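A short worksheet on the structure shown next.
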Amino acid sequence: MKFTTKCVHGSNKKYDNTGAVSVPIFQTSTFLHHGVEQSTGFDYSRLQNPTREYLENVIANLEEGIDALAFSSGMAAETAFMELFSPGDRLIASDDLYGGSIRLFQHISKKNGVEVTLSDTGDIAALENAICEKTKAIFVETPTNPMMQVTDIAAVAEITRKRGIILAVDNTFLTPYFQRPLALGADIVVHSGTKYLGGHNDTLAGFLVTNSQDLSEKLRFIHKTTGACLSPFDSWLMIRGIKTLAVRMRQQEKTAIKLAQWLLSHPKVNAVFYCGLPNSLGYEICKKQASGFGGMISFETDTEETARRILENVNLIGFAESLGGTETLITYPFLQTHADVPENHRRAKGINERLLRISVGLEDAEDLIADLQQALDT
Ligand SMILES: *Cc1c(COP(=O)(O)O)cnc(C)c1O
């Protein structure tokens, strides 16, 4: 089955016999036992629920994994991932990451005795040097949020395989429509389902996907024990969102290319960070390991005033955090998503008062350009 078809028909497991085309929302916390030691396969919704199981099958199918686990948010998924490690263990993570991931690693994980070192995972030699005996995993985001840095997943996988350590890839930006990290050698894929998978700016969700039986068992144990599982209704919203994932990704990328080119030509824009621009740093690697470049663009304006003027004057485009939805949103990483990242770290990565990030939605490109134009020219 092709990817686009999988989005619509993702799992063929049926849970009722009414013929309902839409998967039912099994809004129940518990399940009756018809006799001693007789389970329907469902006992309690923290362990498993039919609506969530259907969704998890769809995600595992799309990412080409053997198991997927649905969490109440992307951060809940990442927190569960960190439960694989014990005090004294070390991890290496990309140095340009979603701000919440940095906050988790530097505050919660550190307090729990797991040291996470941030490194430019795009620099394979430096990455290999940073590995020590205690290193248990490498956590990569590619392309990164917000600077769109690209890491060669297969090259990192070669290192992690050799050392017998875990490679986890946050695939939120490109989704399995454009990039499948497990096929490139990763062991775990992380998602904020809140973004493109859900796709409508209306639901929080997170996923961990794996192709290892051992990791699947460990993660299932953590999932049922710590309990941040996705509700039946939110699972249903995810299933519904994913049906249009392929068409949304295709269209959002088309519009993003137009917008990136328009921004590039604007005199008040100093730099555009979009992997789909042939002269961007990550273009070649992204082209090799993904089938597209997605719908996320960051750009640097000439002055802080210009950046603020855009944020205050956009009408159609929403000034809000988050990404991946049908509505185009513009974010100020310096003061929003990355506000908790130490200032010197932010500045070193180029996250400054002039940097803006756009998540391109499903509006017409001409309307989006007109809105940016009037905001830039006010
Ligand atoms: C949003 C996001 C997260 C966190 O997900 P939530 O669903 O907001 O908890 C993690 N990684 C990336 C790349 C994100 O964009």
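The values are calculated or read from the model by the stated rules, or taken from the named source; none is laboratory data. For clarity, every value in this text was computed on a predicted model and none was experimentally measured. We place every Cβ from the backbone using ideal geometry, glycine too, and count neighbours over all the protein chains shown. What goes into the accessible areas is simple: the full protein's heavy atoms, side chains included, and nothing from ligands, DNA or RNA. Shrake-Rupley method; radii C 1.70, N 1.55, O 1.52, S 1.80 Å.
Of everything in the stretch 151-208 that is touching a Leu at 6+ places or on another chain (Cβ under 7 Å) and acidic (Asp, Glu), the residue that is surrounded by the fewest Cβ atoms within 10 Å (Cβ to Cβ) is Asp202.
Each row is one residue, and each column tells you yes or no for (1) crowded, with 16+ Cβ neighbours inside 10 Å; (2) within 15 Å of the ligand (Cβ to nearest atom); (3) acidic (Asp, Glu); (4) under 26 Å from Leu197 (Cα atoms).
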residue	(1), (2), (3), (4)
Ile285	yes, no, no, yes
Ile297	yes, yes, no, yes
Glu304	no, no, yes, no
Arg309	yes, no, no, no
Ile317	yes, no, no, yes
Glu321	no, yes, yes, yes
Ala348	no, no, no, no
Ser359	yes, yes, no, yes
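A Cβ distance below 6 Å, combined with a sequence gap of six or more or placement on separate chains, defines the contacts here; from the stretch 198-216, residues that are within 18 Å of Trp236 (Cα to Cα) and at pLDDT 95 or above reach residues that are of a type in the set (S, T, N, Q) and within 12 Å of the ligand (Cβ to nearest atom) in the pairs Leu204/Ser73; Leu204/Thr194; Ala205/Thr194; Gly206/Ser73; Gly206/Ser192. Pairs are defined by a Cβ separation below 8 Å, a sequence spacing of at least 6 or placement on different chains, a first member in the stretch 148-164 that is closer than 30 Å to Leu355 by Cβ and small (Gly, Ala, Ser), and a second member that is open to solvent by 30 Å² or more (accessible area, probe 1.4 Å) and assigned to a loop (DSSP other than H, G, I, E, B); the pairs so defined are Ala154/Leu184. Does Leu167 fit the bill of being in contact with a strand residue (DSSP E or B) (Cβ under 6 Å, 6 or more places away or on another chain), more than 15 Å from the ligand (Cβ to nearest atom), of a type in the set (A, V, I, L, M) and farther than 27 Å from Asp371 by Cα? So Leu167 passes the test.
Among the candidates His266, His191, the residue that is within 16 Å of the ligand (Cβ to nearest atom), at pLDDT 95 or above and in contact with a helix residue (DSSP H, G or I) (Cβ under 8 Å, 6 or more places away or on another chain) is uniquely His191.
Considering each of Gln213, Gln179 in turn, give the residue that is among the polar types (S, T, N, Q) and closer than 18 Å to Gln289 by Cα.
Working: Gln213 fails: closer than 18 Å to Gln289 by Cα.
Among Gln213, Gln179, only Gln179 is among the polar types (S, T, N, Q) and closer than 18 Å to Gln289 by Cα.
Residues that are over 28 Å from Pro278 (Cβ atoms) number at least 3 in the following helices (runs of 4 or more DSSP H) confined to the stretch 99-207: 99-103, 124-130, 153-163.
Is it fair to say Thr337 is hydroxyl-bearing (Ser, Thr, Tyr), surrounded by fewer than 23 Cβ atoms within 10 Å (Cβ to Cβ) and modelled with pLDDT of 95 or more? Give the steps one after another, and end with the answer.
Details: hydroxyl-bearing (Ser, Thr, Tyr): yes; surrounded by fewer than 23 Cβ atoms within 10 Å (Cβ to Cβ): yes; modelled with pLDDT of 95 or more: no.
Criteria not met by Thr337.
When Ile131 is tested against (1) of a type in the set (A, V, I, L, M); (2) buried (at least 20 other Cβ atoms within 10 Å of the Cβ); (3) closer than 30 Å to Ala155 by Cβ, just one condition goes unmet, and that condition is (2). Look at the stretch 73-92: where a residue is over 23 Å from Leu323 (Cβ atoms) and a partner is within 13 Å of the ligand (Cβ to nearest atom) and small (Gly, Ala, Ser), sitting 6+ places away or on another chain with Cβ atoms under 9 Å, you get Leu91/Ala168. The one condition from (1) under 22 Å from Lys2 (Cβ atoms); (2) near the ligand (Cβ under 9 Å from one of its atoms) that Leu204 does not meet is (1).
Among the numbered criteria (1) in contact with a Gly (Cβ under 7 Å, 6 or more places away or on another chain); (2) more than 15 Å from the ligand (Cβ to nearest atom); (3) among the hydroxyl-bearing types (Ser, Thr, Tyr), which one does Ser212 miss? Every condition holds for Ser212 apart from (1).
Counting the residues of the stretch 83-105 that are of a type outside the set (Val, Ile, Thr) and within 15 Å of the ligand (Cβ to nearest atom) gives 12. Do you know which of the residues in the stretch 46-82 that are open to solvent by 30 Å² or more (accessible area, probe 1.4 Å) and away from the ligand (no atom under 16 Å from the Cβ) is nearest to Val156 (Cα to Cα)? Out of the qualifying residues, it is Glu64.
Looking only at residues of the stretch 86-98 that are assigned to a loop (DSSP other than H, G, I, E, B) and modelled with pLDDT of 95 or more, we find that the one that is most open to solvent (accessible area, probe 1.4 Å) is Pro87. Spot the failing condition for Ser291; the list is (1) under 17 Å from the mean Cα position of the chain (by Cα); (2) farther than 16 Å from Ile257 by Cα, and only one is missed. Only one criterion in (1) under 17 Å from the mean Cα position of the chain (by Cα); (2) farther than 16 Å from Ile257 by Cα is unmet by Ser291, namely (2).
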